[in-house]
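Worksheet: one structure, shown below.
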Amino acid sequence: MVTKQGFADMPPKVLTIAGSDSGGAAGLQADLRAWAMLGAYGMSVVTAVTAQNSVSVERVQYMSPEFVADQLDAVLSDYGAVAIKTGFIGQTDLIITISAKLQQYGCQNIVIDPVLVTHRGQPIFAEAVRIHYLRYLLPLADLLTPNVMETAVLLNSAIPDPSDLHRLAHLAAELHRLGAKNVLLKGGRDGEDVVDIFYDGRTTHELRSPYIETDNTHGAGDTLSAAVCVALARGERLNTAVYLAHQFTHQAILNGANWQLGAGHGPVFPVIRDA
Ligand code: PXL
């Protein structure tokens, strides 16, 4: 028999402001997949639609700032969101619009994933985009989640050696100084471990997991920031949220490590396993 449930089992409401990946590996598809797996109610405001597959991104069609604003109004004036992440934005006027709407609605638990380089580490946007991230989005970030290359882009600095963990910690502190309340700098290396550096404005923490030998990491960053949102929406403290998301993403990479879904880089695939 189907019975009517009360409020107690309502899923946490989370929102991604991101691009669509037609190939289904990254972007809002990765976010919504992670959220479905984690039992959250995911919403998506689309910034751009990409024509891409596992090999290449062929085209990008940006939404207009007005249409992004309309999507944000529609969602935030009705459902609201307990936690929000931004992904692929890529245009200065979209950054300004998103920043204004996040402030207008008093949004909390904001995770900014600064998508600024390709999957292969090449910067993709004009210098003005970097400046707009610093000015309009970093100050709103409860958590900023750059990888090593995105950190170099944001700080306009030389690309750090991923195995120089002291340097990475210093750069994370720099991003905090520029306005992000907390920083998770992803992709450090220490021998057989990958090390993400978490800086909360006072202390540096290292999150470690064994390096997985695979090219199938498309969507890993999206999955990680999406998982942080769910933990925050469930009321976890940020350092716990980051730890849970790191573990969740490690497992997601492990799941798809040997797959060959297309000719190129494969996706990560989150699955919840019983302990
Ligand atoms: O994984 C970063 C990312 C985010 N959003 C979109 C993307 C990508 C990488 O390919 O295409 C739309």
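The values are calculated or read from the model by the stated rules, or taken from the named source; none is laboratory data. In this text, all values refer to a predicted model and were calculated from it rather than measured experimentally. All Cβ positions, glycine included, derive from the backbone under ideal geometry; neighbour counts span all protein chains shown. The area values use the complete protein model at the heavy-atom level, side chains included, leaving out ligands, DNA and RNA. Shrake-Rupley method; radii C 1.70, N 1.55, O 1.52, S 1.80 Å.
Quick notes on this structure:
- All positions within region 141-152 that are touching a residue at least 24 places away in the same chain (Cβ under 8 Å), aliphatic (A, V, I, L, M) and open to solvent by less than 30 Å² (accessible area, probe 1.4 Å): Ala141, Leu143, Leu144, Val148
Yes/no matrix, rows are residues, columns are (1) of a type outside the set (Asp, Glu); (2) within 15 Å of Thr249 (Cα to Cα):
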{"site": "Asn182", "(1), (2)": "yes, no"}
{"site": "Val194", "(1), (2)": "yes, yes"}
{"site": "Thr203", "(1), (2)": "yes, no"}
{"site": "Glu206", "(1), (2)": "no, no"}
{"site": "Ser209", "(1), (2)": "yes, yes"}
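- Any hit, region 249-272, residues being within 26 Å of Val82 (Cβ to Cβ) and modelled with pLDDT under 95: yes
- Selection status of Lys101, in contact (Cβ under 8 Å) with a residue 24 or more places away in the chain, open to solvent by 10 Å² or more (accessible area, probe 1.4 Å) and either aromatic (Phe, Trp, Tyr) or under 27 Å from Thr240 (Cβ atoms) (or both): no
- Residue match in region 6-21 (condition: open to solvent by less than 20 Å² (accessible area, probe 1.4 Å), in a helix (DSSP H, G or I), under 19 Å from Tyr136 (Cα atoms) and polar (S, T, N, Q)): no
- The strands (runs of 3 or more DSSP E) falling completely within region 22-136 include none with 3 or more residues that are closer than 23 Å to Asn156 by Cβ and either over 16 Å from the mean Cα position of the chain (by Cα) or more than 16 Å from the ligand (Cβ to nearest atom) (or both).
- Members of region 229-275 that are more than 18 Å from the chain's Cα centre (by Cα), assigned to a helix (DSSP H, G or I) and surrounded by fewer than 23 Cβ atoms within 10 Å (Cβ to Cβ): Leu254, Asn255
- Residues satisfying the stated conditions in region 165-194, i.e. among the aliphatic types (A, V, I, L, M) and free of Cβ contacts under 8 Å to residues at least 60 places away in the same chain: Leu165, Leu168, Ala169, Leu171, Ala172, Ala173, Leu175, Leu178, Val183, Leu184, Leu185, Val194
- Only one of the numbered conditions (1) more than 30 Å from Gln260 (Cβ to Cβ); (2) open to solvent by less than 20 Å² (accessible area, probe 1.4 Å) is violated by Trp35, and that is (1).
- Complete set of residues in region 205-234 that are of a type in the set (S, T, N, Q) and in contact with a Pro (Cβ under 9 Å, 6 or more places away or on another chain): Asn216, Thr217, Thr223
- Top-ranked residue in region 178-217 [being aromatic (Phe, Trp, Tyr) and in contact with a helix residue (DSSP H, G or I) (Cβ under 8 Å, 6 or more places away or on another chain); ranked as most open to solvent (accessible area, probe 1.4 Å)]: Tyr199
- Near pairs, Cβ below 8 angstrom, 6+ apart or cross-chain, from region 109-135 (closer than 21 Å to Arg59 by Cα and open to solvent by 10 Å² or more (accessible area, probe 1.4 Å)) to any residue that is within 13 Å of the ligand (Cβ to nearest atom) and aromatic (Phe, Trp, Tyr): Val115/Phe88
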